[in-house]
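K.L.:
My questions all concern the structure below.
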Amino acid sequence: MKQSYYNYIFSKGEYTYWLNGMTMGCFILPTKTSQKLFPFLEKVDYLQSVVPAFYKRLIDNGFLVDDDVDELSKIREANEREVSKKAYSLTILPTLDCNFKCWYCIQNHVPSRILPDMQERIKRHIDYMIEKEQIESLSLEWFGGEPFMYMDEAVIPLSEYAISRCKQAEIPFHNSATTNAYFLTPNRVDILRKLKFHFFQITLDGVKEKHDKVKYQEGCPSAFEHVLANVNAILRQTENIRILLRINYTDDTLETAIVEQVSSRIDGCVRDKISIALKKVWQERQSHERSGLIAEIERHFFSQGFDVYEGNLVSDFMPCYAGRRYFNAITYAGKVFKCTAKSDLEKDVSPGMLNLDGSITWRPGVEKELYKKNFECERCLRCKFLPVCMGNCPGNDNNFCKNEVNDLNFKDNIIQFVESRYRYQSNQ
């Protein structure tokens, strides 16, 4: 046996955090105990005879592997399996317009909406993917703009059609949305349940006073109050819906008061259905100095019964959803993209176009670009963090490292991940 190349063992105060990047197996030990064990890691056979229970724990969690294991080959194989998996995720943008005009938004909010003829093409596309591509599941993700501006005109009929076709084909169906939640009022809970919605990503922009300066609408005294009231009602009246509450921050909006303000508006009995994710506004400069405050806010949220999002580390050998062959995003105009995190969804030339028969025609040569593997470079291939990073997404060039541009570096992220897993397991 030998040590895995992708073991991460970091000490912080009284505890040491152990994670293997290949299996995501992890545990926490007192630092004094870890220091006593460190010398044995270089003597694997001796370790087996001296502390057999710990030796088995290391094997079970992937910290020790057979001598002939080529971990880099396993990473490549796992990545290719994920790239080719026939779990189809289809993002639909029924509009690029929005009732809010957030200053940091990457989209140009042009007046737009999906028309009946394009809805028919999307229905044919669902047929095509089920019948021709023989997908094994279908997930719809509603995006925009604000997709629920056209709930009755687009979200309901297309969701109902997809549900029907998946039932006929006997494959699983999932429905989700990225939304500002303004239109998800309590009177719509029944239809959300009927349409099998199970997940929403919703954004706050700091505490109430600052959020309401970013998101506001005539006739609504406080978007902060309105949105959290909607979230609370949805979760109280449904069983299977989860919410990712993304809190966008800048230096000016990152403050601990957000915990009390959210907690006071969300009933304790539904808080465990909400995952909290603190995300830097992309225009904001990177700063490791914020990591302590971020960790403090997350600990406070957890103490109030909320989950803490673990999504800053890759756990499926994919750097980005856009690298999957069975992922597409279709706009209201029938343009097809592989990435929605761009400001050019209105440009005249898109990577692909949706045809009348539901198939997609890609521009010559574009598919090679869409599925390039940015981790296949010297820097990434020799990096110990490869399996929890996998390089930049296909839409970006490879001239920067994630560890250099995020507020939390990989060490911080790994400690946060192991702490979160440990807290979750302790509560089971």
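K.L.:
Which cross-chain or sequence-distant (5 or more) residues have an amide H under 5 Å from the amide H of residue 247, H modelled 1.01 Å from N in plane?
P.N.:
Result for residue 247 returns 204, 277, 278, 279.
K.L.:
OK, next. Can you pull out the GluC sites (Glu not before Pro) in the range 184-250 that DSSP calls coil and that have at most 13 other Cβ atoms within 10 Å? Numbers along the way, then the final one.
P.N.:
Values: sites: 209, 218, 225, 239; in loops: 218, 239.
Within the range 184-250, the qualifying GluC sites (Glu not before Pro) (loop, at most 13 other Cβ atoms within 10 Å) are 218, 239.
K.L.:
Apply the Karplus parameterisation 6.51 cos²θ - 1.76 cosθ + 1.60, with θ equal to phi minus 60°, to every residue of the range 174-187 and state each ³J(HN,Hα) to the nearest whole Hz, in sequence, with x for glycine and proline.
P.N.:
Computed from phi, the couplings for the range 174-187 are 9, 10, 8, 7, 9, 8, 7, 6, 4, 8, 8, 6, x, 5 Hz.
K.L.:
Using the Cα centre of the chain as origin and beta-carbon charges of +1 (Lys, Arg) and -1 (Asp, Glu), tell me which of 358, 377, 206 is placed farthest towards the positive end of the dipole.
P.N.:
377
K.L.:
Rolling a 1.4 angstrom probe over the protein chains, ignoring ligands and nucleic acids, what is the accessible area of residue 137 in square angstrom, nearest 10?
P.N.:
20 Å²
K.L.:
Could I ask something else about it? At 1.4 Å probe radius, can you tell me the per residue accessible area of the chain in Å²?
P.N.:
Working: 20180 Å² over 428 residues.
For the chain, the per-residue accessible area is 47 Å².
K.L.:
Tell me whether the range 26-174 comes out rounded, prolate or oblate; compute the Cα gyration tensor, take square roots of the eigenvalues as a ≥ b ≥ c, and use a/c under 1.5 as the rounded threshold.
P.N.:
Working: a/c = 3.80, a/b = 2.26, b/c = 1.68.
It is prolate, given that a/c is not under 1.5 and a/b is the larger ratio.
K.L.:
Grab the DSSP H runs of the chain that are 4 residues or longer, score each as -39,500 (n - 2.57), total them, divide by all residues and round the 222 nm result to the nearest 500 deg cm²/dmol. Provide the component values of the computation, followed by the final result.
P.N.:
Details: 15 runs with 145 residues, N = 428.
My calculation for the chain gives -10000 deg cm²/dmol from helical runs alone.
K.L.:
Ok, one more. Per residue of the range 370-383, what does 6.51 cos²θ - 1.76 cosθ + 1.60 with θ = phi - 60° give for ³J(HN,Hα)? Whole Hz please, x for Gly and Pro, Karplus curve as stated.
P.N.:
5, 10, 5, 9, 5, 6, 7, 9, 4, 4, 6, 5, 9, 7
K.L.:
Another question, then. Quick check: with the 1.4 Å probe, what order do 412, 251, 152 take by accessible area, largest first? Walk me through the numbers before you get to the answer.
P.N.:
Working: 412 50, 251 70, 152 95 Å².
Correct descending sequence by accessible area is 152, 251, 412.
K.L.:
Once you keep just the Cα pairs under 8 angstrom separated by 6 or more residues, what percentage relative contact order results for the chain? Don't skip to the end; give the middle numbers.
P.N.:
Working: 712 pairs, mean separation 76.3, N = 428.
Worked out over the chain, it gives 18 percent.
K.L.:
Let me spell out the model: positive unit charges on the Cβ of Lys and Arg, negative unit charges on the Cβ of Asp and Glu, origin at the Cα centre of the chain. What dipole size does that give, in debye rounded to 20? If you can, show how the numbers build up before the last one.
P.N.:
Numbers: 56 positive and 58 negative charges, 72 e Å.
Taking the Cα centre of the chain as origin, the dipole is about 340 debye.
K.L.:
Still on this structure, please answer the following. Got a number for carbon plus sulfur as a percent of the chain's accessible area, 1.4 Å probe? If you can, show how the numbers build up before the last one.
P.N.:
On the way: 10070 of 20180 Å².
That share works out to 50 percent.
K.L.:
Quick check on packing: order 110-116, 210-216 by the mean number of other C-beta atoms within 10 Å, highest mean leading.
P.N.:
Numbers: 110-116: 14.3, 210-216: 18.9.
Result, highest mean Cβ count within 10 Å first: 210-216, 110-116.
K.L.:
So if R0 is 51 Å, what FRET efficiency would residue 216 and residue 67 give, r being the distance between their Cβ atoms, rounded to the nearest 0.05?
P.N.:
On the way: r = 62 Å, r/R0 = 1.22.
FRET efficiency, residue 216 to residue 67: 0.25.
K.L.:
Here is a further query. Can you tell me the FRET efficiency between residue 187 and residue 255 if r is taken as the Cβ-Cβ distance and R0 is 56 Å, rounded to the nearest 0.05?
P.N.:
Numbers: r = 34 Å, r/R0 = 0.60.
So, using R0 = 56 Å, E works out to roughly 0.95.
K.L.:
Using Cα-Cα distances under 8 Å and only pairs 6 or more residues apart, what relative contact order does the range 347-395 have, in percent? Intermediate results must be reported in sequence, preceding the final value.
P.N.:
Numbers: 34 pairs, mean separation 13.9, N = 49.
This gives 28 percent for the range 347-395.
K.L.:
Using the Cα centre of the chain as origin and beta-carbon charges of +1 (Lys, Arg) and -1 (Asp, Glu), tell me which of 19, 389, 34 is placed farthest towards the positive end of the dipole.
P.N.:
34
K.L.:
Counting only residues 5 or more places away or on other chains, whose amide H sits under 5 Å from the amide H of residue 91 once H atoms are built in the peptide plane?
P.N.:
141, 328, 329, 330
K.L.:
Rounded if a/c is under 1.5, else prolate if a/b beats b/c, else oblate: with a ≥ b ≥ c from the C-alpha gyration tensor eigenvalues square-rooted, which is the range 162-260?
P.N.:
Values: a/c = 2.68, a/b = 2.10, b/c = 1.27.
It comes out prolate by the Cα gyration axes.
K.L.:
Which one, (i) -0.86, -1.17; (ii) -0.56, -1.42; (iii) -0.64, -1.45, gives log10 I(q)/I(0) by the Debye sum over Cα atoms at q = 0.09, 0.14 Å⁻¹ as derived from the coordinates shown?
P.N.:
Looking at log10 I(q)/I(0) by the Debye sum over Cα atoms at q = 0.09, 0.14 Å⁻¹ for this model, the match is (iii).
K.L.:
Additional query: Amide H of residue 16 versus every other amide H placed in the peptide plane: which residues, excluding those fewer than 5 positions away on the same chain, fall under 5 Å?
P.N.:
Excluding prolines and chain starts, which carry no amide H, the hits are 29, 31.
The values are calculated or read from the model by the stated rules, or taken from the named source; none is laboratory data. Just so you know, these numbers come straight off a predicted model, no measurement behind them. Note: ideal-geometry Cβ built from the backbone for every residue, glycine included; neighbour counts use all protein chains shown. These accessible areas exclude ligands, DNA and RNA; they are computed on the full protein's heavy atoms, side chains included. Shrake-Rupley method; radii C 1.70, N 1.55, O 1.52, S 1.80 Å.
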